[in-house]
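Asker: Below: one structure in structure tokens.
The values are calculated or read from the model by the stated rules, or taken from the named source; none is laboratory data. This one's a predicted model, so the numbers in the text were calculated from it and none came from an experiment. Glycine gets a Cβ as well: all are built from the backbone with ideal geometry, and neighbour counts include every protein chain shown. Note: accessible area is taken over every heavy atom of the protein model, side chains too, but ligands, DNA and RNA are not part of it. Shrake-Rupley method; radii C 1.70, N 1.55, O 1.52, S 1.80 Å.
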Amino acid sequence: VSLFLTLPCAQHCIEFLVRRYRADVYIPGSLILSCVHLHANPIFPRMIFALQRTLPKEYKGLAVVAKHQAGVPRSAIREICIRTPGMLDSVLKHYQHLPPRTVTPLQV
């Protein structure tokens with residue numbers, strides 16, 4: 001889902017999961033990590049705002065992000081990671097398990 005979060009249908013899907021199955025209570029960390037790469041997009045603050053009451057302790061530093069209307073700059077995410085080492089640790093663990101990106105050469 002995280003690759004398609006910019007599509008309106010994916011946002012509706014996550015909203016359905018949160019409302020119907022209370023995904024914000026059971027897997028808030030996974031929801032945050034699935035959208036952290038979209039921090040410069042307005043979707044990220046909206047997601048944090050929706051998850052604000054169920055944020056795990058390592059993501060409590062993101063509560064200030066919920067007030068932004070636009071995306072959050074990388075420098076702000078960096079400062080949050082410096083202030084809350086638990087967030088940095090969980091983000092690094094999440095991206096450690098992902099396969100490396102493969103670059104396909106352009107066909108000329």
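Asker: May I ask you to order 25-31, 14-20 by the average number of other C-beta atoms within 10 Å around their residues, highest value first?
Answerer: 25-31, 14-20
Asker: Now, a different point. Which value, in Å², gives the accessible area per residue of the chain when a 1.4 Å probe is used on the protein heavy atoms?
Answerer: Per-residue accessible area for the chain comes out at 71 Å².
Asker: Kindly state, to the nearest 0.05, the FRET efficiency for residue 57 paired with residue 6, given R0 = 22 Å and r defined as their beta-carbon distance.
Answerer: According to the calculation, E is roughly 0.15.
Asker: When only C-alpha pairs under 8 Å and at least 6 residues apart count, what is the relative contact order of the chain, in percent?
Answerer: Reported as a whole number, the value is 22 percent.
Asker: Okay, helix-only estimate at 222 nm for the chain: each DSSP H run of n ≥ 4 adds -39500 (n - 2.57), divide by all residues, round to 500 deg cm²/dmol; what do you get?
Answerer: Per the formula, -15000 deg cm²/dmol.
Asker: May I ask for log10 I(q)/I(0) of region 1-58 at q = 0.13, 0.24, 0.25 Å⁻¹, from a Debye sum over the Cα atoms as equal point scatterers with solvent left out?
Answerer: -0.27, -1.00, -1.09
Asker: Need one number: convex hull volume per residue for the chain, Cα atoms only, in Å³.
Answerer: In the chain, the Cα hull volume divided by residue count equals 132 Å³.
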